[in-house]
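The values are calculated or read from the model by the stated rules, or taken from the named source; none is laboratory data. Just so it is clear, the structure is predicted and the values come from calculations on it, not from any experiment. Quick reminder, even Gly has a Cβ in these numbers, built from the backbone with ideal geometry, and neighbours come from all protein chains shown.
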Amino acid sequence: MNTIRDYLQVFVRRFGLLAAACCDECCGEQVSMAQSHILFEVRRQPCSSMQRIADELGLDVTTFSRQVKGLEGKGLVARRVSPDDRRVSLLDLTPAGSGVLDRIDVYMEERVGRIFARMSAFEQETVTRSLGLLNNALAREADEEFVEKGIIACCK
């Protein structure tokens with residue numbers, strides 16, 4: 001049975017395995033999948049609060065804080081107090097963190113490039129456009145339903 005859920009389940013598992021092998025092969029750092037996501041979001045949203053990035057990733061603040069401490073210990077992120085509210089911690093990548101993320105980016109681009117090389121230009125464009133449409137629909141769903149109900153995870 002090939003439902004959209006079947007396709008998504010297999011895709012997420014296969015792509016997750018692809019990404020999970022990354023740090024052993026590319027950047028020389030032992031960065032977990034969660035930490036890799038945090039680095040990506042800190043780059044995407046520089047000077048953001050820990051709460052904002054934790055919310056974006058769907059992580060509770062305790063788990064997120066533990067992961068950030070690990071990244072701080074490796075010298076990959078820097079935490080500072082917000083000048084507007086001393087209760088808020090802001091995150092930024094360090095130069096070392098940017099370097100690790102750059103190496104992860106190169107590695108993942110090469111891996112995705114090899115996958116895309118198995119497709120025609122039309123198929124590549126179709127997949128790229130379809131993923132954009134899917135991400136936009138997911139964002140609208142989150143905005144309309146989950147935020148209203150205060151739900152972060154998939155369970156309602």
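If you check residue 92 against the conditions, is it on the phi < 0 side of the Ramachandran plot, in contact with a Cys (Cβ under 8 Å, 6 or more places away or on another chain), free of Cβ contacts under 8 Å to residues at least 60 places away in the same chain and not aliphatic (A, V, I, L, M)? Yes; evaluated as a whole, the condition is true for this residue. Selection of first residues in region 99-125 that are closer than 15 Å to residue 16 by Cα and of a type in the set (A, V, I, L, M, F, W, C) and of second residues that are modelled with pLDDT of 90 or more and in a helix (DSSP H, G or I), restricted to Cβ pairs under 9 Å at least 6 apart or on distinct chains, gives the following pairs, ordered by first then second residue: 104/39; 104/40. So for region 66-88 (the condition being modelled with pLDDT of 90 or more and closer than 23 Å to residue 12 by Cβ), does at least one residue qualify? Checking region 66-88: at least one residue is modelled with pLDDT of 90 or more and closer than 23 Å to residue 12 by Cβ. In the set 91, 57, only one residue is within 25 Å of residue 107 (Cβ to Cβ) and in contact with a Phe, Trp or Tyr (Cβ under 9 Å, 6 or more places away or on another chain); that residue is 57.
Per-residue answers, yes or no, for (1) exposed (fewer than 14 other Cβ atoms within 10 Å of the Cβ); (2) assigned to a helix (DSSP H, G or I):
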site	(1), (2)
43	no, yes
54	no, yes
59	no, no
64	no, yes
67	no, yes
86	yes, no
90	no, no
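Could you tell me whether residue 110 is under 15 Å from residue 43 (Cβ atoms), assigned to a helix (DSSP H, G or I) and either of a type in the set (D, E, K, R) or in contact with a Leu (Cβ under 8 Å, 6 or more places away or on another chain) (or both)? The answer is no for residue 110.
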